[in-house]
Amino acid sequence: MITLKNVSRTFLLGEESVHALRDVNLHIERGEYISIMGPSGSGKSTMLNILGLLDRPTTGTYELDGLDVTALTDEEQSQIRREKIGFVFQFFHLVPRMTAAENVELPLVLSGAHPDERREKVTRLLDEFGMSKRARHRPDQLSGGERQRVAIARAMIMDPAAILADEPTGNLDQTTGQEVLHLLEELNSRGMTLVLITHDAALGSRARRHICTLDGRVEA
Amino acid sequence: MIMRTRDIARFAWHALEGARTRSLLMVLATSIGVAAVVVLTSLGEGARRYVRQEFESLGTNLIIILPGRAETMGGSAALASGRTARDLTIDDAMALQRLRGVEQVTPLNLMEGEVSARGRRRDVPIAGSSSELQHLWGLSMASGRFLPPQDPRNATPICVLGSKVGRELFGGDSPLGQYVRLSDRRFRVIGVLAPKGELAGLNMDDMVIIPVASGQVLFNLSSLLRIAVRTRSREDVAAVKDGIKRLITERHGEEDVTVVTEDALSSAFDKILTALTFALGGIASISMVVAGILIMNVMLIAVAQRTGEIGLLKALGASPRQIRVLFFAEAALLSTVGAIAGSTIGQAGSFVVRRLYPAIPAYAPVWAVTGALMLAIVTGIVFSVLPARRAAALDPAQALAQR
């Protein structure tokens, strides 16, 4: 479903060019659970950004669901991002002035979906995640684990092709982190492609397939 | 790709609500600008209408003759040539009476003097004129009658009192048939004016009116302040004006008078005051540009503060265009609210002006109100272009890296 072919990403740092990714080839099947591990600066963030269409490869191609997305315009990429990719971040990135339900609803709002449809989907998803009672709370009234659940619900609301989770437990305590991970794994067991980006080897090893990034190169 | 308009508005509204103080300040800045335009132009327009009314109350088929020749470049021909203009006299006025198209000629002198009766004294303006003045100034009588038609050369010792002067000199008694003293001469009161208030800057209620010749005797004058000529119809004005110039030139040897028509006078004032209103509106508009710059500044801060949120919106699939639209919407909402608040405040301001100065019809002209509203909204949006572009151009990966 996801295919990277000879992807490189070079940043210009002053006069010097830094190779964040060098000639990466990667294929991810639908429904896979894959972890991308590596120390900071190894290129895993760049990898995440490229997989999430937040960044473009300098060379190489990225095929998502059979479509070469590297050739698309910014506007078209936005649409792909909205419909096919769900992000889960280390720092949750919820909009502080919005309630849990409104945060979950946001991608649907951006897509111009009908309010009735939005309400129905949000209610169903919050219910599924055991967050119904918290729907009207703002992020600062929620615990870390609850915030991440809301964030995962938001990532799921558009029924994406894959979830990219960037250190999803990095800002949570051990127990809560485990719960959140279980939730993500449960989604994967129901067929959702899950890409877990982490520097934590113990966490990464839970995935069925691990790849390591080191100095911009990917090792299976 | 398109967000629902209601959702855009709601998002913008919540974003503004999230930064309440900042939003209120921006609304305030815009509203002050709009209110300033509304109030200032209503003052200018009020002054214009006031002056117009004053002129129209003098009549539209009126020609005023003033001694001396006014030049457009200031000064007078008489001054330049070292000669003084000849006075206007009662004889001039009588000669004018015989011109074709002339219906009425009113000679006028205005003086200051002391009137006394029953031991009470008042300093009052004294008008020396003729029976025609009643029509010219639209005076009505409370009791008695106005100056009778007579040869203007007759210095009859009779007078008409303004309502206030009559009351103050004679208390509750009727002044009719009584005598008042002007300087050292006795005048019989033949009438009292009905209360009238101000007319052309003179308070009619304070006025004492006597025959023009009596005034000249009293103050030892041979000249007139001015002569008002009323033509039979409006169409006669131009012809009579020429006739007056010819006649005066014939009598004085040169055209040493200024002949003014009500039309010319009032349209000159009209032009001046309209220009003034525009100028006031323009000056006030500058404050709106200042408000626009403030909006830009604050929006730039908002973009910096909400970097994380913008990055998130991008990650959730908001296109650069959507981000721009959202920030536009915020600016548009702010400046619309500010503009409406400002015009309400401005209208309230001109209402207060009208209550304080009932004579001045201080209504803001429609062009000024709509112009101010449009300008406020347009500047709000124009000045949000830069912040909105900056927000849309944010690198989402970097934006999200911030906590």
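Of all beta bridges that DSSP places with both ends in segment A:75-220, some 25 percent have antiparallel geometry.
When B:Arg122, A:Arg154 are sorted by how many other C-beta atoms sit within 10 angstrom of their C-beta, beginning with the fewest, the order is B:Arg122, A:Arg154. Of all lysines in the structure, the ones whose alpha carbon falls short of 24 Å from that of A:Lys133, not counting any fewer than 8 places away in one chain, are A:Lys121. Peptides B:231-238, B:362-369, ordered by how many other C-beta atoms sit within 10 Å of their residues on average, highest first, read B:362-369, B:231-238. Residue ranges B:210-218, B:32-40 sort as B:32-40, B:210-218 when ordered by packing (mean number of other C-beta atoms within 10 Å per residue, highest first).
Each Cα pair under 8 Å and six or more residues apart adds its sequence gap; the mean of these over the residue count of chain B is a relative contact order of 30 percent.
Counts of other chain beta carbons within 10 angstrom of each beta carbon in peptide A:148-155 average 1.
What is segment B:161-277 by shape, rounded, prolate or oblate, if you read a ≥ b ≥ c off the alpha carbon gyration tensor as root eigenvalues and call it rounded for a/c under 1.5, prolate for a/b larger than b/c, and oblate otherwise? It comes out oblate by the Cα gyration axes.
Structure remark: mean-square fluctuation, Gaussian network model of chain B, C-alpha springs under 10 Å; the largest value among B:Ile340, B:Ile301, B:Ile272 belongs to B:Ile301.
Set the Förster distance to 45 Å, then compute FRET efficiency between B:Asp91 and B:Val352 from the Cβ-Cβ distance, nearest 0.05. So, using R0 = 45 Å, E works out to roughly 0.30. Counting Cβ atoms of other protein chains within 10 Å of each Cβ in B:316-327 and taking the mean gives 6. The DSSP beta bridges internal to the protein assembly as shown are antiparallel in roughly 70% of cases.
Full extension of the chain between B:Lys245 and B:Leu24 gives 73.1 nm of extra length, using 0.36 nm per residue less the Cα-Cα distance.
Scanning chain B for DSSP H helices at least 15 Å long along the axis (C-alpha atoms) with a Kyte-Doolittle mean no lower than 0.0 picks out B:20-58, B:262-305, B:320-356, B:366-382. If I take R0 = 60 Å and measure r between the Cβ atoms of A:Leu214 and B:Glu56 in this structure, what FRET efficiency does the formula 1/(1 + (r/R0)^6) give, to the nearest 0.05? Step by step, r from the Cβ atoms, then E = 0.05.
Multiplying the residue separation of A:Asn6 and A:Arg97 by 0.36 nm and subtracting their alpha-carbon distance yields 28.5 nm. The separation of segment A:147-220 from segment B:129-153, counted between C-alpha centres, amounts to 103 Å. For the pair segment B:166-219 and segment B:375-392, the centres of their Cα atoms are 67 angstrom apart. Could you work out how far the C-alpha centroid of segment B:1-22 sits from that of segment A:56-133, in angstrom? Cα centres, segment B:1-22 to segment A:56-133: 19 Å. Quick note on segment A:89-158: its Rg to Rh ratio, both from C-alpha atoms and Rh being the Kirkwood radius, is 0.93. Packing-based ranking of B:89-99, B:373-383 yields B:373-383, B:89-99, ordered from highest to lowest mean Cβ neighbour count within 10 Å. Compactness of the protein assembly as shown is given as radius of gyration and Dmax, 43.3, 126 Å, from Cα positions.
One chain, two ends: A:His27 and A:Asp116. Fully extended at 0.36 nm per residue, the span grows by 28.2 nm beyond their Cα-Cα distance. Count the DSSP beta bridges whose two residues both fall in chain B, then state the antiparallel fraction as a percent rounded to the nearest 5. So the antiparallel bridges amount to about 85 percent of the total. For the pair B:Thr5 and A:Arg56, a Förster radius of 25 Å applied to the C-beta separation gives a FRET efficiency near 0.20, rounded to the nearest 0.05.
Which of A:Glu186, A:Glu75, A:Glu83 moves most in a GNM of chain A, Cα contacts under 10 Å? Result for chain A, Cα springs under 10 Å: A:Glu75 fluctuates most.
When chain B is treated as a Gaussian network with alpha carbon springs shorter than 10 Å, the biggest mean-square fluctuation among B:Ser287, B:Ser350, B:Ser222 belongs to B:Ser222. Taking every residue in A:54-60 and counting other chain Cβ atoms within 10 Å of its Cβ, the average works out to 2.
Each label was represented as a point 7 Å from its Cα along the Cα-to-Cβ direction; for A:Asp127 and B:Arg185 these points are 10.6 nm apart.
Read the figures in this text as sums done on the coordinates, not as results from a lab. Only a predicted model underlies this, so the values are computations on that prediction, with no experimental measurement involved. So basically every Cβ, Gly included, is an ideal-geometry build from the backbone, and we count neighbours across all protein chains shown.
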